[in-house]
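The values are calculated or read from the model by the stated rules, or taken from the named source; none is laboratory data. Owing to the predicted nature of the structure, the values given are computational and were not obtained by experimental measurement. Neighbour counts run over all protein chains shown; Cβ positions are idealised from the backbone, glycine included.
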Amino acid sequence: MAVDMTTTIPVGANQASQQTSKTAVDYQSFLKLLIAEMKNQDPTKPMDSTQYVAQLATFSQVEQSVQTNTKLDQIMQSSALSQADALIGRSITSADGKTTGTVASVTLSSSGLIAVLQDGTQVPVGAGVSIKPAA
């Protein structure tokens, strides 16, 4: 079974929980396979201690990777919130240039940051969006 040791770093909380669930499933599957292999080994040919140590090392690496990815997800969410805070009060122009206004609030959704203008218009913050100090 291939164990994916890397994950994408999501911006939204919903994406983070979905990615963590996927990683947790892979992690749980790995543990189940390891335990099943140990339980069902051939008594006449028990697992070589070298193989056992190698599998435990792999298990430890997987566990550390899962924990690291969880922490990175939390850091990215915190960073996104800090960036969102810096947008409030600034002038923003949408990527297509059709919508312009002053940012009243910012929402962090599963699709990323969404700037809410003073008139209530929502502008997704992403490539092509222009942000300037308010005039």
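Within the stretch 100-116, which residues are polar (S, T, N, Q) and free of Cβ contacts under 8 Å to residues at least 40 places away in the same chain?
Thr100, Thr102, Ser105, Thr107, listed by residue number.
When you scan the stretch 54-62, do you find a residue that is part of a strand (DSSP E or B), of a type outside the set (Ser, Thr, Tyr) and modelled with pLDDT of 80 or more, even just one?
Within the stretch 54-62 (the criterion being part of a strand (DSSP E or B), of a type outside the set (Ser, Thr, Tyr) and modelled with pLDDT of 80 or more), the answer is no, since none of the residues qualifies.
Of all residues being aliphatic (A, V, I, L, M) and touching a helix residue (DSSP H, G or I) at 6+ places or on another chain (Cβ under 7 Å) in the stretch 108-124, which is surrounded by the most Cβ atoms within 10 Å (Cβ to Cβ)? Just the residue, please.
Ala115
Applying the selection to the stretch 92-128, what residues are outside any strand (DSSP E or B) and closer than 16 Å to Ala80 by Cα?
Listed by number, the residues that qualify are Ser110, Ser111, Val125, Gly126, Ala127.
Looking at Asp119, Asp85 in this structure, which one is among the charged types (D, E, K, R), within 19 Å of Ala135 (Cα to Cα) and within 23 Å of the chain's Cα centre (by Cα)?
Just one listed residue meets the conditions, Asp85.
Checking the conditions here, which among Met76, Met47 is part of a helix (DSSP H, G or I), in contact with a helix residue (DSSP H, G or I) (Cβ under 9 Å, 6 or more places away or on another chain) and modelled with pLDDT of 60 or more?
Unique residue meeting the criteria: Met76.
Mind checking which pairs have a first residue in the stretch 76-99 that is surrounded by 13 or more Cβ atoms within 10 Å (Cβ to Cβ) and a second that is among the polar types (S, T, N, Q), Cβ under 6 Å, 6 or more apart or different chains?
Here the result reads Ser91/Thr102; Thr93/Thr100; Thr93/Ser130; Thr99/Thr121, each pair linking the stretch 76-99 to a residue that is among the polar types (S, T, N, Q).
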